[in-house]
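Inspection log for the structure reproduced underneath, given as C-alpha cells.
Only the coordinates and a few stated rules stand behind these numbers; no lab work does. If you're wondering where the values come from, they're calculated on a predicted model, not measured in any experiment. Cβ sites come from the backbone with ideal geometry, for glycine too, and all protein chains shown count toward neighbours.
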Amino acid sequence: MPAPDVGTPAAPVPRPHLGHLRRLTDDTGMIQHALGPVPNRATGYTSDDNARALLVCLEAIRAGDREAEELAGTYLAFLAWALGPDGWFHNNFSYDRRPLPEEPSEDCQGRCLWALAAAARHWAGTSQGRAAARFFQQGLAAAPRLRQLRGRANLVIALAEWLGGEDGAGGAGSPAEGPARAAVEDLLRQAAGALVRAWETCRGPVPFTHSRAHEPELES
C-alpha cells in the first residue's frame with residue numbers, strides 16, 4: 001500500500017449528524033442512554049456525557065450547523081448546574097434532576113473543564129463565552145484534587161484548549177475573561193509534568209486493563 005502523500009490536503013471533516021443527539025436531549029440536558037432510537041429516561045443524566053455533547057456541538061457549529069447552537073447552550077447550562085461551590089462537577093443525576101450518590105469522577109472533572117474551555121473560546125466576547133469562562137475558572141479550583149491518569153490527561157487537554165491561540169487572551173478566539181494566562185500555563189506544566197513522570201515510571205510491558213481502579217495515582 002503506497003504511503004500517503006504528505007503534500008495532499010486532508011479531506012474536510014464531514015458535518016456531524018445530530019438527529020440522535022437531539023432525540024436524547026430535553027430542556028435539562030442529554031439523557032445518558034437510549035434503547036435504539038428511544039431515549040431511556042430511567043438512566044438519567046451525566047455531566048461527562050453532556051460535556052461530550054457540548055464538544056460535539058461546537059464542532060458541528062464550526063462545520064456550519066447553526067441549529068447546534070441551541071443544543072450547545074443546553075449542555076452549557078447543564079454543566080453550570082452540575083458545578084458545585086468547591087469547583088467539583090457532580091456527575092450522576094436521576095431523570096427528576098436529583099443528584100445521585102457517587103464517588104467523585106476525575107475523568108468527568110477533566111472532561112467538563114475541556115468542554116468549558118472550548119465553549120469559552122468558541123463564544124469569546126459574548127455573554128455565553130463569559131459564563132463558560134467563569135465556570136471554567138471555578139472548576140479549576142478543584143484541579144489539585146486530580147491524581148489519576150485520565151483526570152490529569154483531560155485536564156492537560158482542557159488547559160491547552162483554553163490557551164488556544166498563540167497571541168494570548170482576547171485574540172483568535174482566546175477568552176478575555178477567566179483565569180490569567182500565566183496561571184493556566186503554570187498549571188499545564190505541572191499537570192503535563194506529572195503525566196510524563198508517570199510514563200517514565202510505568203513504561204515497559206504492563207498488563208492491559210480497562211479498570212480505572214488500577215490507574216496509578218500521580219504525584220504533584
Q. Add -39500 (n - 2.57) for each DSSP H run of 4 or more in the chain, then divide by its residues: what number comes out at 222 nm, to the nearest 500 deg cm²/dmol?
A. -15500 deg cm²/dmol
Q | For L146, distant residues with modelled amide H under 5 Å away | A | none
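Normalised radius of gyration for the range 18-63, please: alpha carbon Rg relative to 2.2 N^0.38 Å, two decimal places.
Values: Rg = 10.5 Å, N = 46, 2.2 N^0.38 = 9.4 Å.
Cα-based Rg divided by the globular estimate yields 1.11.
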**Q.** Amide H contacts of T25 (H built 1.01 Å from N, under 5 Å, at least 5 apart or other chain)
**A.** I31
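In square nanometres, what is the average projected area of the Cα convex hull of the range 19-203? Kindly include the intermediate steps, with their values, before the conclusion.
Working: hull surface 45.6 nm².
The directionally averaged projection comes out at 11.4 nm².
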Q: Scan around G44 for amide H atoms under 5 Å from its own, H built in the peptide plane at 1.01 Å from N, and keep only partners 5 or more places away or cross-chain.
A: Q32, Y95
Q: With θ set to phi - 60°, apply the Karplus curve 6.51 cos²θ - 1.76 cosθ + 1.60 along the range 84-93 and write out the HN-Hα couplings as whole Hz, x wherever there is a Gly or Pro.
A: x, x, 8, x, 8, 8, 5, 9, 9, 9
Q) For the charge dipole of the range 71-205, defined by +1 on Lys and Arg C-beta atoms and -1 on Asp and Glu C-beta atoms about the Cα centroid, which residue among P175, L116, W199 has the Cα displaced farthest towards the positive pole? A) W199
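Looking only at GluC sites (Glu not before Pro) in DSSP loops with at most 10 other Cβ atoms within 10 Å, what is the longest site-free stretch of the chain? Write down the numbers at each step before the final one.
Numbers: sites that count: E166, E219.
Counting only loop sites that pass the neighbour cut-off, the longest clear stretch is 1-165.
Let me know the charge dipole size of the range 19-203 about its Cα centre in debye, to the nearest 20, where only the beta-carbon of Lys, Arg (+1) and Asp, Glu (-1) is charged.
Numbers: 20 positive and 22 negative charges, 55 e Å.
Result for the range 19-203 is approximately 260 debye, rounded to the nearest 20.
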**Q.** Table column - 3J(HN,Hα) (Hz), the range 177-194, Karplus curve with 6.51, -1.76, 1.60, x for Gly and Pro
**A.** 9, x, x, 5, 4, 4, 5, 5, 4, 5, 5, 5, 4, 5, 5, 5, x, 5
Q) Got a sec to turn the phi values of the range 38-49 into Karplus ³J(HN,Hα) couplings, 6.51 cos²θ - 1.76 cosθ + 1.60 with θ = phi - 60°, whole Hz, x for Gly and Pro? A) 9, x, 9, 5, 4, 7, x, 10, 9, 5, 5, 5
